[in-house]
Amino acid sequence: MSCCDCNTETPKPKILAVILDLDGTLLDTERATRSVFTEFLAKYGKTLNKEREEKREIGKTLKDSATATVEDYDLPLTPDQFIEEIIPMYQQKWKHAKALPGATRLIKHLHDHGVPTALASNSLREYINAKISVHQRWQGWFSVILGSDQVKAGKPSPDLFEEAARQMNVDASNCLVIEDSMVGVKAANAARMEVVAVPPHGEAAGCSALAKTVLHSLLEFRPEHWGLPPFEDCVDNALPIEAIYLSGLYDNGFVNEDTEDGKSALPDQVWGVFFGWAVVDMKKSYRVVVGIGMDPITCSPKKKIQIHLASGGNCCISNKKVKLLLVGYIRGLNSKEVTSLDAESLEECKSLASAALDLPIFSQHAYVPLYPDTFSVKDMIATDDLGHY
């Protein structure tokens, strides 16, 4: 098993430049700002329509989104007034938007290998700057940064992508666009560029119909399939990642995640086979392999989170509250594996995880407090059969 060995794509046309979307592709702005819209509606005596919002097309320009929202909720505002009132509320939250899995890794990799890379978003340029300001290194890693106010029309018009290619002095046929929305994929197709879609659950079906390549996460992206330099950052077939935290009740092989208003604390792009530690009842810690995905049969937006102790059976954690700290990524999950990893693959993942968690690049996370708590994995009692940390 090789690190991130998650798909069997055939080689693609040689790519000389990459164009990336921002919201939902690189940054998880949706979760950072989740409460803003509900609070705003409450000011006008309105209630969030969850069903409508789940079906709302993402990736539109600010003006188009504002126009639709004012109309849908019959707000006593013009679209411009809506924007003027709600944007300051969003700005307070943007600084909390986290990079999506694999985002920083990809941008840095492209920059380090001299691949021209553009950031092209339907956000206004000043809002782009505000959103990425916390991620200080990003600004210098992009060759070009463009907002929808810098071209004639935003996505789904091809203007943003065409202008990005022009500024990078690369022909459209040699550009690869990475997007999360149907609006963005349509724009890439209109610009006659290659496109990879990394959509959230609600956009997956539409993007699959429009894009030849659809991934669950940027962690699945293989640069060499596009003639780009391959990643070389795996450690003994395991990829170090920014720590992922989640908690829930373990029951019959799966964790029923603690959610906020019924929504997962994890972005849809957290998908694949991960490893780390499970802290049980704030008393003991176990090394674990964790599979995360969504059931393609039920089409439920609820995540399927399967846990496997790296050593021994799972009976010792049955019906108990667990906190998970995931620090490494092994590979993606196919649709059949979302509900159950096959025995041979699982044993290979367990062996890999057990060895990796002894390495300093992974074990260092055991000393960091488990947010929002003050204790760390190192403070827990490690079971004898798993070994001490």
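Rounded to the nearest 20, the Cβ-based charge dipole of segment 116-208 about its Cα centre (Lys and Arg +1, Asp and Glu -1) stands at 120 debye. Estimated from helical segments only, the mean residue ellipticity of the chain at 222 nm is -8000 deg cm²/dmol, where each DSSP H run of four or more residues counts as -39500 (n - 2.57).
Of all DSSP bridge pairs formed entirely within the chain, close to 70 percent run antiparallel. Annotation: amide H-H contacts under 5 Å for Glu194 (H modelled 1.01 Å from N, sequence separation of 5 or more, or interchain): Cys175, Val177.
For the cross-link pairs Lys212/Lys336; Lys63/Lys304; Lys14/Lys304; Lys303/Lys350; Lys63/Lys212, the ones whose C-alpha atoms lie over 26 Å apart are Lys63/Lys304; Lys14/Lys304; Lys63/Lys212. Extension gain, Ala205 to Arg56: 0.36 nm times the residue separation minus the Cα-Cα distance gives 52.3 nm.
Normalising the average separation of contacting C-alpha pairs (under 8 angstrom, six or more residues apart) by the number of residues puts the relative contact order of the chain at 17 percent. Summarising the label geometry, the points placed 7 Å from Cα in the beta-carbon direction at Gln139 and Asp251 lie 4.8 nm from one another.
With each label modelled as a point 7 angstrom along the Cα→C-beta vector, the Ser318-Ser35 pair spans 3.9 nm. In this structure, Tyr44 and Asp258 have a Cβ-Cβ separation that, at R0 = 41 Å, corresponds to a calculated FRET efficiency of about 0.85. Nonpolar atom fraction for the chain, defined as the carbon and sulfur part of the 1.4 Å probe accessible area, stands at 50 percent.
When the surface is traced with a 1.4 Å probe over the full set of protein chains, Tyr127 keeps roughly 30 Å² accessible. Under 5 Å from the amide H of Leu27 lie the amide H atoms of Leu100, each residue being 5 or more positions distant or on a separate chain, with H modelled from the backbone and absent for Pro and chain starts.
Calculated FRET efficiency, Gln364 to Asp74, Cβ-Cβ distance, R0 = 56 Å: about 0.60 to the nearest 0.05.
Placing dummy labels 7 Å off each Cα toward the beta-carbon, the span from Val235 to Ser351 is 2.1 nm. For Lys323, list the aspartates and glutamates whose Cα falls under 13 Å from its own Cα; do not include residues on the same chain fewer than 8 positions away. Result set, ordered by chain and number: Glu257, Asp258, Asp281, Asp373. Residues whose amide H falls under 5 Å from that of Val288, counting only those 5 or more places apart or on a different chain, are Gly276, Trp277, Ala278, Ala310, with hydrogens built in the peptide plane.
The values are calculated or read from the model by the stated rules, or taken from the named source; none is laboratory data. It should be emphasised that the depicted structure is a prediction, and the values quoted were computed from it without experimental measurement. Positions of Cβ are backbone-derived with ideal geometry, glycine not excepted, and every protein chain shown enters the neighbour counts. For accessibility, only protein heavy atoms count, side chains too; no ligands or nucleic acids. Shrake-Rupley method; radii C 1.70, N 1.55, O 1.52, S 1.80 Å.
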